[in-house]
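One structure is given here, and the rest of the page talks about it.
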Amino acid sequence: MSLSLLAVGTVAFDSIETPFGSAERILGGSATYIALAARLLGVPVRLCAVVGRDFPDAHVDELASRGVDLEGLVRDPDGDTFFWAGRYHFDLNNRDTLATHLNVLATFKPVLPEAYLDSAIVCLGNLDPVIQSEVLDQVKGPDGKGPALVVCDTMNYWIGSAPEALAETLKRVDVLIVNDAEARELSGEPNLVRAARVIRAMGPQTLVIKKGEHGALLFCGDTARPTVFMAPAYPLEDIHDPTGAGDTFMGGFAGHLARIAEGDPAAASDPEAMKQAVVVGSALASFVVEAFGPDRLLEMDVSDLDERLSDFHRLSAIPAGLVAL
Ligand code: AMP
């Protein structure tokens, strides 16, 4: 039986400015990117999010045509869709949020459809940690004992404004994926290795710290002697829009673990599986930044991903037999 992945987050309109172009009110949102990335890996994906009266059927059809289960996509007729606007700096590693209009998200109370309750893997996209916990309360998992794996994202906004609620959610999370600034803020530690120790003590057994164009750091396994792994980001000549890279990473990471768990549930928590998942997440993220919004994810297929995974091998293979003489 295929393991199902539940993607919870935003389905949004995004307006994006980069030094190389701009796009107005295009399809975005954390759940959108998570779902499309995991679908590329062939994993059954269920989406839980809310949109407003202004959300076009064409976007819904686009997600449905990629095989995303949309039973949990609620349309709230009383408001507009979540809207986010951002402007990237020249180096594309930093961005300013120009607008966040919660709109229908402000009153969203997720109620999972009956058919979603047995989801094995839950991806909690960046959202209010109270909502993240409310989703976890509902998931019974494939055997009634809760989800097999909970993967979670958060951001500085929630770390600063809802630390208690976030702490409660983190106790229930297996894998936390944050960027380096968020890891420092959450832990109060400037050093990322120390930060990882502090954050893992909050609940997540596995921590991934994303470092933008410098790749991603993984901490997992034994807490006293953790497995630490560094995956590069793919050096691209043309980056058009970094929006969604983090969410795509998460969908690829969780999607890969879903596939491993299908054959052998215990293998999915193995450090080697986590390392592979970080590379798959990085590889998928390297596609999404090549075009505005999720366009590249919508047009690529799994053979493109395979080719890039080979590139990752060549990129980071340390020459064999290297010694200091
Ligand atoms: P990423 O670039 O991976 O951090 O994700 C960007 C996506 O997150 C955009 O498509 C936005 O619509 C969405 N987003 C931005 N701010 C928020 C927020 N405060 N809560 C939830 N989703 C957000």
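The values are calculated or read from the model by the stated rules, or taken from the named source; none is laboratory data. From a predicted model like this one, the values you see are computed outputs, not experimental measurements. Ideal geometry is used to build each Cβ from the backbone, glycine not excepted, and the neighbour counts take in all protein chains shown. Protein only, heavy atoms only, side chains kept; ligands, DNA and RNA dropped before computing areas. Shrake-Rupley method; radii C 1.70, N 1.55, O 1.52, S 1.80 Å.
Observations on the structure shown:
- DSSP bridge orientation in the chain - percent antiparallel, rounded to nearest 5: 40
- Burial order of peptide ranges 68-76, 9-17, 222-230 (average beta-carbon count within 10 Å, highest first): 9-17, 68-76, 222-230
- Our estimate of slack between Q138 and L298, defined as 0.36 nm per intervening residue step minus the Cα-Cα distance, is 54.6 nm.
- 1.4 Å probe accessible area per residue over the chain, in Å²: 45
- Global form of the chain, assessed from the alpha-carbon gyration tensor, a/c cut-off 1.5: rounded
- Inter-label distance, nm, simple model (7 Å from Cα along the C-beta direction), A106/D80: 1.2
- Among the listed pairs K109/K145; K109/K275; K171/K210; K145/K211; K140/K171, those whose Cα-Cα separation exceeds 25 Å are K109/K275; K145/K211.
- Shape analysis of the range 50-126 places it in the prolate category; the axes a ≥ b ≥ c from the Cα gyration tensor give an a/c of at least 1.5, with a/b above b/c.
- Here's the picture: charge each Lys and Arg Cβ at +1 and each Asp and Glu Cβ at -1 in the chain, and of G28, G72, V175 the one pushed furthest to the positive end of that dipole is V175.
- Extension reserve of the E185-E71 stretch, reckoned as 0.36 nm per residue once the Cα distance is removed: 37.4 nm
- Sorted peptide list for 315-323, 115-123, criterion being average Cβ within 10 angstrom, highest first: 115-123, 315-323
- Qualifying trypsin sites (Lys or Arg not before Pro) in the range 171-225, where qualification requires a DSSP coil assignment and no more than 13 other C-beta atoms within 10 Å, comprise K171.
- Using the Karplus relation 6.51 cos²θ - 1.76 cosθ + 1.60 with θ = phi - 60°, the per-residue 3J(HN,Hα) values for the range 184-190 come to 5, 5, 5, 8, x, 10, x Hz, with x marking Gly and Pro.
- As a fraction of the 1.4 Å probe accessible area of the range 125-231, surface on carbon and sulfur atoms comes out at 51 percent.
- Rounded to the nearest Hz, the phi-derived 3J(HN,Hα) couplings of the range 240-247 under the Karplus curve 6.51 cos²θ - 1.76 cosθ + 1.60 (θ = phi - 60°) are 9, 7, x, 4, x, 4, x, 5, where x marks glycine and proline.
- Applying a DSSP loop filter and a limit of 14 other Cβ atoms within 10 Å to the GluC sites (Glu not before Pro) in the range 168-254 leaves E237.
- Estimated FRET transfer efficiency (R25, N94; beta-carbon r; R0 22 Å; 0.05): 0.45
- Averaging the Cα positions of each part gives two centres, and for the range 87-124 and the range 12-49 these lie 10 Å apart.
- Global form of the range 1-91, assessed from the alpha-carbon gyration tensor, a/c cut-off 1.5: oblate
- Once the chain from D57 to V228 is taken as fully extended at 0.36 nm per residue, the excess over their C-alpha distance is 57.1 nm.
- If R0 equals 25 Å, the separation of the Cβ atoms of R314 and A267 corresponds to a calculated FRET efficiency of about 0.45.
- Modelled label reach - E168, point 7 Å along Cα→Cβ, the range 141-158 residues with backbone N closer than 20 Å: 146-147, 150-158
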